[in-house]
Amino acid sequence: MPKYRFAIVVGASSGIGAEIVRLLAKEGCKVAAIARREDKLKKLAAEFPGLVIPVAHDVTCFDEVPGVFQSVTGQLGGLDLIVYASGVMPAVSGAEFDFAKDRQMIEVNVLGAIAWLNQAAIRFQNTKCGSIVAIGSVAGDRGRCGQPVYNTSKAALTTYMEALRNRVARFGVKVVTIKPGPTATEMTSHMHSSGMASAAAVASFVLRKSDKTGEHYVKFGHRIAFFIIRHFPSWLFRRLNV
Ligand SMILES: NC(=O)c1ccc[n+]([C@@H]2O[C@H](COP(=O)([O-])OP(=O)(O)OC[C@H]3O[C@@H](n4cnc5c(N)ncnc54)[C@H](OP(=O)(O)O)[C@@H]3O)[C@@H](O)[C@H]2O)c1
């Protein structure tokens with residue numbers, strides 16, 4: 001008996017999201033795999049005939065989300081789990097202030113998550129069960145000079161998830177934020193990958209924690225380190241120049 005029978009993974013065409021789809025399908029769960037690159041989704045679906053439904057969708061088309069959500073849950077025949085893994089982190093140089101990049105990060109990493117996870121919250125609040133999972137990041141724990149708006153987007157996502165948890169946990173709904181550190185995926189392909197976690201390992205952690213309401217750092221060391229870093233006074237954190 002699989003842990004989940006019906007799941008939606010948003011941001012399923014590569015990286016952590018694609019690995020989550022694979023792990024769910026391997027257990028016999030029926031999964032709707034959502035992202036823009038339909039070719040990648042179809043290849044993923046072909047690995048698990050009859051179990052993975054590829055759905056081409058751009059999460060920044062916010063008005064389409066309620067209709068796609070209804071259609072997908074209908075095709076699946078139910079919903080036990082939703083994972084929001086869509087995310088972008090364009091390269092930003094130290095002196096760059098590019099509103100187009102900033103806007104894209106807020107639209108994909110925050111507004112898309114709210115559009116999708118609100119739909120799941122409405123459904124699960126009524127059914128009084130289900131798991132809502134978002135992939136946050138350790139990058140949301142402080143405002144750093146290197147990626148101001150990526151940091152902002154992950155902090156906003158974490159706060160939204162906390163508020164959602166405080167609203168719907170009382171109905172028996174699990175609301176889970178996962179905070180990975182650097183992970184070897186397309187997003188980080190321009191960086192040195194030594195020491196990074198694999199997407200498969202992070203995906204496995206996500207599913208292990210997916211019914212444990214709360215926030216979870218993927219690495220235990222990050223839990224300790226970021227507890228300390230979060231409590232640095234701002235003037236001291238600024239001097240570190242990270
Ligand atoms: N890699 C890391 O070091 C790291 C660390 C901490 C947290 N995270 C987070 O983990 C999550 C997964 O990222 P990843 O590392 O697995 O990167 P990835 O391989 O680049 O995956 C990103 C996913 O987001 C989807 N996406 C981007 N824009 C979209 C849009 N407009 N509409 C729908 N889907 C969209 C992509 O699909 P399409 O392009 O096909 O639409 C892709 O499936 C992200 O939220 C990221 O911020 C990553």
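The values are calculated or read from the model by the stated rules, or taken from the named source; none is laboratory data. Model, not experiment: these values are computed from the prediction. All Cβ positions, even for glycine, are placed from backbone atoms using ideal geometry, and neighbour counts span all protein chains on display. Heavy atoms of the whole protein, side chains included, go into the accessibility calculation; ligands, DNA and RNA do not. Shrake-Rupley method; radii C 1.70, N 1.55, O 1.52, S 1.80 Å.
Just a few scattered comments:
- Applied to the stretch 186-191, the Karplus parametrisation 6.51 cos²θ - 1.76 cosθ + 1.60 on θ = phi - 60° returns per-residue 3J(HN,Hα) values of 4, 4, 10, 5, 8, 10 Hz, with x for Gly and Pro.
- Here the relative contact order of the stretch 107-208, from alpha carbon pairs under 8 Å that lie six or more residues apart, stands at 27 percent.
- For the chain: relative contact order, % (alpha-carbon pairs under 8 angstrom, 6 or more apart): 18
- Global geometry of the stretch 1-104, whether rounded, prolate or oblate, following the gyration tensor of its Cα atoms and the 1.5 cut on a/c: prolate
- Rounded, prolate or oblate (a/c below 1.5 giving rounded, otherwise prolate when a/b exceeds b/c) for the stretch 76-143 by Cα gyration tensor: prolate
- The HN-Hα couplings worked out from phi for the stretch 51-56 by the Karplus form 6.51 cos²θ - 1.76 cosθ + 1.60 (θ = phi - 60°) are 10, 10, 9, x, 10, 7 Hz, whole numbers, x standing for Gly and Pro.
- Distance from the Cα centroid of the stretch 123-150 to that of the stretch 173-226 is 12 Å (rounded to whole angstrom).
- The stretch 182-242 shape via C-alpha gyration tensor axes, a/c threshold 1.5: oblate
- Burial ranking of peptide ranges 54-66, 187-199 (average Cβ count within 10 Å, highest at the top): 54-66, 187-199
- Accessible solvent surface per residue of the chain, calculated while the other protein chains remain in place, 1.4 angstrom probe, Å²: 48
- Ordered from largest to smallest accessible area (heavy atoms of protein chains, 1.4 Å probe), the residues Thr177, Thr152, Thr185 come out as Thr152, Thr185, Thr177.
- Quarter of the Cα convex hull surface for the chain, i.e. its orientation-mean projected area (nm²): 13.2
- Total lysine pairs whose alpha carbons fall under 14 Å of each other in the stretch 6-240 (8 or more apart, or interchain): 8
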